[in-house]
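The values are calculated or read from the model by the stated rules, or taken from the named source; none is laboratory data. All of these numbers come straight from a predicted model, not from anything done at the bench. Glycine gets a Cβ as well: all are built from the backbone with ideal geometry, and neighbour counts include every protein chain shown. Just the protein is used for accessible areas: all its heavy atoms, side chains included, with ligands, DNA and RNA removed. Shrake-Rupley method; radii C 1.70, N 1.55, O 1.52, S 1.80 Å.
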Amino acid sequence: KRLVRLPTATLCLILRSASSMSVASCKSILVGGSGETAVNGLFAPRDPSMVPAGFRRTCVEMNWPTDVMWKKLSDGKRPWFESDNESYVYWNRADGKWWIDEPSGAGKYIVFNNGDLPPITGWSALPGALMPLPTVEIVEE
């Protein structure tokens with residue numbers, strides 16, 4: 001599969017037409033203040049059925065079946081969010097945490113939260129991630 005980037009407005013129309021998606025899915029997020037500069041920036045919502053490029057890279061490197069792993073870890077309902085540099089934020093149903101991953105697919109920050117959107121605060125650094133911790137702002141479209 002090839003990841004196709006759609007403008008946020010187009011994706012919002014698609015998501016709103018899907019019965020399982022909420023209007024909240026059409027919000028972008030802004031990650032800031034993190035010691036990992038690659039994950040700071042504006043993240044646009046992405047279709048939950050698409051696999052993030054960094055996630056795919058990690059699966060290939062680890063010799064894991066990419067689509068099987070994505071279906072196992074993503075709930076297929078919540079959108080994930082991607083920045084221009086392919087950093088991404090997604091909710092992992094296996095552990096109930098939101099993850100902020102750098103473009104390589106390596107996890108940097110996590111927070112236990114079952115919300116439809118990532119929380120503003122409460123993030124923890126994974127081993128090797130630089131401080132300070134990030135904050136997340138929900139950007140109204």
Region 63-101: number of residues that are open to solvent by 40 Å² or more (accessible area, probe 1.4 Å), more than 12 Å from the chain's Cα centre (by Cα) and within 27 Å of residue 131 (Cβ to Cβ): 4
Any hit, region 132-140, residues being exposed (fewer than 12 other Cβ atoms within 10 Å of the Cβ), at pLDDT 95 or above and part of a loop (DSSP other than H, G, I, E, B): yes
Selected residue [touching a strand residue (DSSP E or B) at 6+ places or on another chain (Cβ under 6 Å) and among the polar types (S, T, N, Q)] from 74, 34, 28, 49: 28
Failed condition for residue 40, given (1) free of Cβ contacts under 8 Å to residues at least 24 places away in the same chain; (2) in contact with a Pro (Cβ under 9 Å, 6 or more places away or on another chain); (3) surrounded by fewer than 20 Cβ atoms within 10 Å (Cβ to Cβ): (1)
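For residue 60, indicate whether it is among the aliphatic types (A, V, I, L, M), within 12 Å of the chain's Cα centre (by Cα) and not in a loop (DSSP other than H, G, I, E, B).
no
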Which numbered condition residue 69 misses (of (1) outside any helix (DSSP H, G or I); (2) aliphatic (A, V, I, L, M); (3) free of Cβ contacts under 8 Å to residues at least 40 places away in the same chain): (1)
Count of region 39-64 residues which are at pLDDT below 95 and basic (Lys, Arg): 1
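Kindly indicate the residue of region 102-122 that is part of a loop (DSSP other than H, G, I, E, B) and free of Cβ contacts under 8 Å to residues at least 40 places away in the same chain and also surrounded by the fewest Cβ atoms within 10 Å (Cβ to Cβ) among those meeting that condition.
Filtering first and then ranking leaves 121.
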Qualifying residue in region 76-93 (condition: in a helix (DSSP H, G or I), out of contact with any Phe, Trp or Tyr (no Cβ under 9 Å at 6 or more places or on another chain), modelled with pLDDT of 95 or more and of a type in the set (Asp, Glu)): no
